[in-house]
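Below: the structure, in C-alpha cells.
Values quoted throughout were computed directly from the atomic coordinates according to the rules given, and no laboratory measurement underlies them. Note that the coordinates shown come from a computational prediction; the quantities given were computed from them, not determined experimentally. No Cβ is skipped: glycine too gets one built from the backbone with ideal geometry, and neighbour counts run over all protein chains shown.
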Amino acid sequence: MGKASILVVEDDADIQQLVSYNLIKSGFNVTCADSGEEALQLLEQEQVDLIILDLMLPGKDGMEVCTIIREKPDSAQPPIIMLTAKSEEDDIVSGLACGADDYVTKPFSPRVLIARIQALLRREHEKVLEEERPDEETISIHSIVIHRGRHEVLVAGKQVHLTATEFTILEQLATRPGWVYTRQQIIDKIRGYDYLITPRAVDVQIFGLRKKLGQIGNCIETVRGIGYRLKED
C-alpha cells in the first residue's frame, strides 16, 4: 500500500506549514489549499485519502465545504478531520453533524493529530478488506439489511447513504438487538478509548441516523438515562 494522500485546508500559513511538515515527516503525501473553493477544486482533480479542514476559511467556511463533500457520491467520501480554534460543545456537535469524522481543536499536539489520522486511515483500510468477506457477512433486521463487506445499508430494498460514523453505530446496535448500549460504549466503538467527545454528539449522530432510515428509524429506541438500543424483531 502506497503513501496516503492528505489534503490540508487551512488559510493560516504558519499552521498549514506546521501540519504539512509533520505529515510529510510521518510519511504522508500532502496537498494544501488556502480556501474552501480551492479545496473543492482540488478534489475534482485528484483523489485524496483524508482531509484536514479548518472551519474559519475565507469564502466558503469549513461547515459548507464539509456539507458539499458529503453530498458527493460515495466514491468521493474521504474521512474529514476538522482542525479549528472553535472549541465550544455546540461547534463540535455541529461539525460532527455535518459529516466530519473527527474534531481536533487548536492549539493541538501534532503527535495526537497524526495518531487521529492514522486511526481513521486504518478504519478506511479495514472497510476495504471487509469488501472481500462473503455475502453471509450481513445483518438483517426489520426491513434493514446491513452489508458489512460492502459497507452498504438497504431499507426495504432501497440503499440508504450513511456516513462511516452512522454506519458503525447502526452496525453496533443491530449486532445485538434489544441490547442497550451506553453513549460511552458507542463513543468507544466509533473512535477508540482515547477520543474526547460529548455524549450530546452521540445524540446528534443518532438523530441523523433515524432521519435517514425513515419510518424504520423509530426502531432505534432511547433508553432514558442509559443510551440506545435497536428494537428486536
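Structure summary
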{"quantity": "Those lysines that a straight Cα-Cα span of less than 19 Å connects to K25, excepting residues fewer than 8 apart in one chain", "calculated": "K3"}
{"quantity": "Segment Q159-H125, length gained on full extension (0.36 nm per residue, minus Cα span)", "calculated": "10.0 nm"}
{"quantity": "Candidate lysines for bridging to K72, where Cα separation is under 20 Å - those fewer than 8 sequence places away on the same chain excluded", "calculated": "K60, K127, K158, K211, K212"}
{"quantity": "Label-point separation, E88 to D233 (7 Å along Cα→Cβ), nm", "calculated": "4.7 nm"}
{"quantity": "Assigned charges on the beta-carbon of Lys, Arg, Asp, Glu; the chain dipole about Cα centre (debye)", "calculated": "840 debye"}
{"quantity": "Computed [θ] at 222 nm, deg cm²/dmol, the chain (DSSP H ≥ 4; -39,500 (n - 2.57); rounded to nearest 500)", "calculated": "-13000 deg cm²/dmol"}
{"quantity": "Pair E171, Q184: separation of 7 Å Cα→Cβ label points (nm)", "calculated": "2.4 nm"}
{"quantity": "Span-rule helices in the chain, defined as complete DSSP H runs reaching 15 Å or more along the axis (Cα) with Kyte mean at least -1.0", "calculated": "13-25, 110-130, 164-175, 199-213"}
{"quantity": "Residue with peak Gaussian network fluctuation, the chain [Cα springs, cutoff 10 Å], from S20, S94, S143", "calculated": "S143"}
